[in-house]
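The values are calculated or read from the model by the stated rules, or taken from the named source; none is laboratory data. Values in this document were obtained by computation on a predicted structure and should not be read as measured data. Here Cβ is always computed from backbone atoms with ideal geometry, including for glycine, and neighbour counts include all displayed protein chains.
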Amino acid sequence: MNIGDIIKVPLLKSVKNAVVLQSCNQPNFQCKSLESTQEYFSQNQLDLAEFITSYYCTSRSIAYGIFTPFVKNSTPIKQTSLDFTLPNLSPKQIQALDFINSHQSSLLFGDTGSGKTEIYIHLINQTLKQSKNALLLMPEISLTPQMEKRLYAVFGDILAFWHSKLSSKKRKEILKRLHNGEIRILAGARSSLFLPLDHLGLIIIDEEHDDAYKSTSAPRYHTRDVALYLAKKTNIKILLGSATPLANTYYKFKQTQSVFRLKGTYYQSKKEFLFCHSSDELHPFVLQNLKENLQAHKQSIVFLPTRANFKHLLCNTCGNNIQCPNCSVSMSLHSKESSLKCHYCHYTSPIPESCPICGGTLSSLRIGTQEFANHLSKELPNANIACFDRDSITTQKKLTETLKNFNHHKIDILIGTQMLSKGHDYHNVALSVALGLDYILKGSDYRSREKALALMFQLSGRSGRKENGKVIIQTLQEDFFRNYLDDYELFLQEELTFREHLYPPFMRLALIKVSHKKQETAIIIINDILTILKQNKTDKIEIVGYGIAPIEKIANKWRYVILLRSKETKALHQMLLKIKNIPCEIDIDPIEFN
């Protein structure tokens, strides 16, 4: 047996999979026999799993559990010719490619529509010619049929796409082709980083700003940081790309002078920005522009931060809002199913006719995608309107069908949530409308400004791709958005000044979470943790705050949190080691504070 081999170990009355991490001399006492398998973890996978275990304060079993092993004695497939027809590059794109080639790690800060994908294709081609393989990471929802079609047109069958919507049969087929070396390019969501792709020479992280790269369950790793660690340790070229890079990422790469700014659009189209002084409700000015765009036989997209219908129902008499019995959050209205639904634990209940507390009348607050679509259908009866959110797009087939219908102009107006802004290519859209950005801007997250502005830039990039476009931002905060319309980099610089003494990238954060069905038990655990933290506290660690979570209950469990802050990563980890045996969840570099 070798280090990294996966074996079967008898434990009590069951047999468990295990991985060989260290060898030792044969003990004097009798041992049970171990069963070998054909699977193993490569040295890179072992190193990466150990990094995740250490940095993200998780167990080895959880860290190794996200990896897919290699298979011994796989029969390699003979490679075909690697002669591809590549897209032409503009002088500015060639300059970007040369810059990236001169750096081991770099950030391509390119405007929406500036031609980042063409640069990715050329980089992948260069990597293949060096007998290396390439990994292209994208947020789940950016793995669209459009991108798939575009990459297949160049690279053909040596490319595979990996995402959560794949069938079990398709997953097995891709893994088999990975094992025999038939796949040279893997494009996929964050889990692709842990697949058995050998001889890796290039990692590209597209839309690097997207929160989908952060795992929402243990181990709570961030794909970007894990990929950067792997690339540095193995000397793999890595490129991050975005029109709206995170302030943390921008700062990191600016420190090493490895940011390339790709300005403008590939098709040189122009955009007109208009502001409408309102917050959530549909303004007549917006309606008029949608009507004019429809009459001109052009398409529109409308963004809202809320899926389903209204965010919640509120009693006009006592002020009570209908909350989930399992979670301390308001239930969302879903008129298609005639129900209220919790978006956290998925509890569903009928819509009450009156307030269950006092019997008063109920009104709805904050319009959402479905209600907006219903309202717009009455105002524009001749328009073909569709919703584009997680309630409407539940399968890969529906995603493909909706995008196909929209690109073939069978849909006039597409209404959706943040899914609308995720890298989709809408060539015929002449009008983008952003509603409810104030809701994001006013959030309690220290990244609220960054989230709202990035969303505005990403959404505006979906219109006027080939022809001139118009963007309407319905907001009460015009000065904020207008100040950075032409210069996202200016925002990043000012945002970093704002964060300098309290927030990342200058400080490291760790969120400790405790949840339990019994509130008194949760309180005991959180107090035990606080006692240990205070006993071991140094000047290098700050206990920022603690108490009941903003959302007190989820799935009928009471939730308590502690937020730690430090300038030193090592000091933070040493402190967290003190509570490793207490039942809690640790989130290093958290991005969600609810």
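Against the definition (closer than 22 Å to SER215 by Cα, surrounded by 13 or more Cβ atoms within 10 Å (Cβ to Cβ), hydrophobic (A, V, I, L, M, F, W, C) and not assigned by the TED database to the domain that holds HIS209), how does ILE541 come out, yes or no?
On the way: closer than 22 Å to SER215 by Cα: no; surrounded by 13 or more Cβ atoms within 10 Å (Cβ to Cβ): yes; hydrophobic (A, V, I, L, M, F, W, C): yes; not assigned by the TED database to the domain that holds HIS209: yes.
Against the criterion (closer than 22 Å to SER215 by Cα, surrounded by 13 or more Cβ atoms within 10 Å (Cβ to Cβ), hydrophobic (A, V, I, L, M, F, W, C) and not assigned by the TED database to the domain that holds HIS209), ILE541 does not qualify.
Being crowded, with 20+ Cβ neighbours inside 10 Å, at pLDDT 95 or above, of a type in the set (D, E, K, R) and assigned to a loop (DSSP other than H, G, I, E, B) narrows it down to one residue among ARG220, ARG224; which is it?
Details: ARG224 fails: assigned to a loop (DSSP other than H, G, I, E, B).
Exactly one residue qualifies, and that residue is ARG220.
Does ALA153 meet the test of being buried (at least 21 other Cβ atoms within 10 Å of the Cβ) and of a type in the set (A, V, I, L, M)?
Values: buried (at least 21 other Cβ atoms within 10 Å of the Cβ): no; of a type in the set (A, V, I, L, M): yes.
Here the answer is no, as ALA153 does not meet what is asked.
Applying the selection to the range 8-51, what residues are within 23 Å of ASN73 (Cβ to Cβ), part of a loop (DSSP other than H, G, I, E, B) and not hydroxyl-bearing (Ser, Thr, Tyr)?
Listed by number, the residues that qualify are VAL20, LEU21, LEU34, PHE41.
Please indicate, with yes or no, whether at least one residue in the range 139-148 is hydroxyl-bearing (Ser, Thr, Tyr), within 22 Å of the chain's Cα centre (by Cα) and on the phi < 0 side of the Ramachandran plot.
Restricting attention to the range 139-148, the residues satisfying the condition of being hydroxyl-bearing (Ser, Thr, Tyr) are 142, 144.
Adding the requirement that they be within 22 Å of the chain's Cα centre (by Cα) leaves 142, 144.
Going one step further and asking which of them are on the phi < 0 side of the Ramachandran plot, we end up with 142, 144.
Yes, the conditions are met somewhere in the range 139-148.
Residues to consider are SER90, SER36, SER14; find the one that is polar (S, T, N, Q), free of Cβ contacts under 8 Å to residues at least 60 places away in the same chain, surrounded by 12 or more Cβ atoms within 10 Å (Cβ to Cβ) and over 26 Å from LEU230 (Cβ atoms). Spell out how you get there, then give the answer.
On the way: SER90 fails: free of Cβ contacts under 8 Å to residues at least 60 places away in the same chain; SER14 fails: surrounded by 12 or more Cβ atoms within 10 Å (Cβ to Cβ).
Exactly one residue qualifies, and that residue is SER36.
How do the pairs read when you match residues in the range 248-266 that are under 23 Å from TYR503 (Cα atoms) and in contact (Cβ under 8 Å) with a residue 24 or more places away in the chain with residues anywhere that are among the aromatic types (Phe, Trp, Tyr) and assigned to a helix (DSSP H, G or I), using Cβ under 7 Å and keeping only pairs 6 or more apart or on different chains?
VAL259/TYR250; VAL259/PHE253
Residue check, LEU197 against (1) touching a residue at least 60 places away in the same chain (Cβ under 8 Å); (2) surrounded by fewer than 22 Cβ atoms within 10 Å (Cβ to Cβ), all met but one. Which one?
Only one criterion is unmet by LEU197, namely (2).
Any idea which residue in the range 141-161 is nearest to ALA212 (Cα to Cα), counting only those that are touching a strand residue (DSSP E or B) at 6+ places or on another chain (Cβ under 9 Å) and not in a strand (DSSP E or B)? Before the answer, list the steps.
Here is the first cut: in the range 141-161, the ones touching a strand residue (DSSP E or B) at 6+ places or on another chain (Cβ under 9 Å) are 143, 147-148, 151-152, 155, 158-161.
From what's left, not in a strand (DSSP E or B): 143, 147-148, 151-152, 155, 158.
Working: LEU143: 12, MET147: 18, GLU148: 19, LEU151: 22, TYR152: 24, PHE155: 26, ILE158: 26 Å.
Looking at the filtered set, the residue picked out is LEU143.
May I ask you to verify whether ILE174 is over 13 Å from the mean Cα position of the chain (by Cα) and assigned to a strand (DSSP E or B)? Write out each step before concluding.
On the way: over 13 Å from the mean Cα position of the chain (by Cα): yes; assigned to a strand (DSSP E or B): no.
Against the criterion (over 13 Å from the mean Cα position of the chain (by Cα) and assigned to a strand (DSSP E or B)), ILE174 does not qualify.
State whether one or more residues within the range 445-459 are polar (S, T, N, Q), in a helix (DSSP H, G or I) and farther than 18 Å from LYS271 by Cα.
Narrowing the range 445-459 to residues polar (S, T, N, Q): 448, 458.
So of that shortlist, the ones also in a helix (DSSP H, G or I) come out as 448, 458.
Subset that is farther than 18 Å from LYS271 by Cα: 448.
Checked the range 445-459: at least one residue is polar (S, T, N, Q), in a helix (DSSP H, G or I) and farther than 18 Å from LYS271 by Cα.
Yes or no, residue by residue, for (1) basic (Lys, Arg); (2) more than 23 Å from LEU282 (Cβ to Cβ):
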{"position": "GLY360", "(1), (2)": "no, yes"}
{"position": "ASN374", "(1), (2)": "no, no"}
{"position": "ALA386", "(1), (2)": "no, no"}
{"position": "THR395", "(1), (2)": "no, yes"}
{"position": "LYS398", "(1), (2)": "yes, yes"}
{"position": "GLU401", "(1), (2)": "no, yes"}
{"position": "PHE406", "(1), (2)": "no, no"}
{"position": "ILE413", "(1), (2)": "no, no"}
{"position": "GLN418", "(1), (2)": "no, no"}
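Looking at the range 567-594, which of the residues that are among the charged types (D, E, K, R) and surrounded by 17 or more Cβ atoms within 10 Å (Cβ to Cβ) is nearest to ILE440 (Cα to Cα)?
Restricting attention to the range 567-594, the residues satisfying the condition of being among the charged types (D, E, K, R) are 567-568, 570, 578, 580, 585, 587, 589, 592.
Filter once more, keeping what is surrounded by 17 or more Cβ atoms within 10 Å (Cβ to Cβ): 587, 589.
Values: ASP587: 23, ASP589: 20 Å.
Of everything passing the filter in the range 567-594, ASP589 is nearest to ILE440 (Cα to Cα).
For the range 260-298, give me each residue that is assigned to a strand (DSSP E or B), at pLDDT below 95 and crowded, with 20+ Cβ neighbours inside 10 Å. Quick ask: steps written out before the conclusion?
As a first pass, look at the range 260-298 and keep what is assigned to a strand (DSSP E or B): 260-262, 271-276.
When the remaining residues are screened for being at pLDDT below 95, the result is 271-276.
CYS276, the sole residue that qualifies.
Out of curiosity, is ILE411 of a type outside the set (D, E, K, R), in a loop (DSSP other than H, G, I, E, B) and touching a strand residue (DSSP E or B) at 6+ places or on another chain (Cβ under 9 Å)? Working first, answer last.
On the way: of a type outside the set (D, E, K, R): yes; in a loop (DSSP other than H, G, I, E, B): yes; touching a strand residue (DSSP E or B) at 6+ places or on another chain (Cβ under 9 Å): yes.
The answer is yes for ILE411.
For the subset of the range 118-145 comprising residues that are at pLDDT below 95, among the polar types (S, T, N, Q) and surrounded by 18 or more Cβ atoms within 10 Å (Cβ to Cβ), which member is nearest to ASP83 (Cα to Cα)?
The selected residue is THR144.
ASN73 is checked against (1) in contact with a Leu (Cβ under 8 Å, 6 or more places away or on another chain); (2) more than 24 Å from ILE203 (Cβ to Cβ) and fails just one. What number does that condition carry?
It fails just one condition, (1).
Listed residues SER23, SER42; which is within 33 Å of the chain's Cα centre (by Cα), of a type in the set (S, T, N, Q) and either over 30 Å from SER463 (Cα atoms) or surrounded by fewer than 16 Cβ atoms within 10 Å (Cβ to Cβ) (or both)?
Numbers: SER23 fails: within 33 Å of the chain's Cα centre (by Cα).
Checking each option against the conditions leaves just SER42.
Within the range 308-374, considering only strands (runs of 3 or more DSSP E) that don't extend past its boundaries, which have at least 3 residues that are modelled with pLDDT under 80?
Working: elements: 312-315, 332-334, 339-341, 348-350, 362-365.
In the range 308-374, 312-315, 332-334, 362-365 are the strands (runs of 3 or more DSSP E) which contain 3 or more residues that are modelled with pLDDT under 80.
Considering only residues that are in a loop (DSSP other than H, G, I, E, B), at pLDDT 90 or above and crowded, with 17+ Cβ neighbours inside 10 Å, which ones fall in the range 461-504?
TYR484, TYR503, PRO504
Of everything in the range 52-61, what is of a type in the set (S, T, N, Q) and either part of a loop (DSSP other than H, G, I, E, B) or closer than 17 Å to ARG224 by Cα (or both)? Give them in sequence order. Give the steps one after another, and end with the answer.
Taking the range 52-61 first, the residues of a type in the set (S, T, N, Q) are 53-54, 58-59, 61.
Result: THR53, SER54, THR58, SER59.
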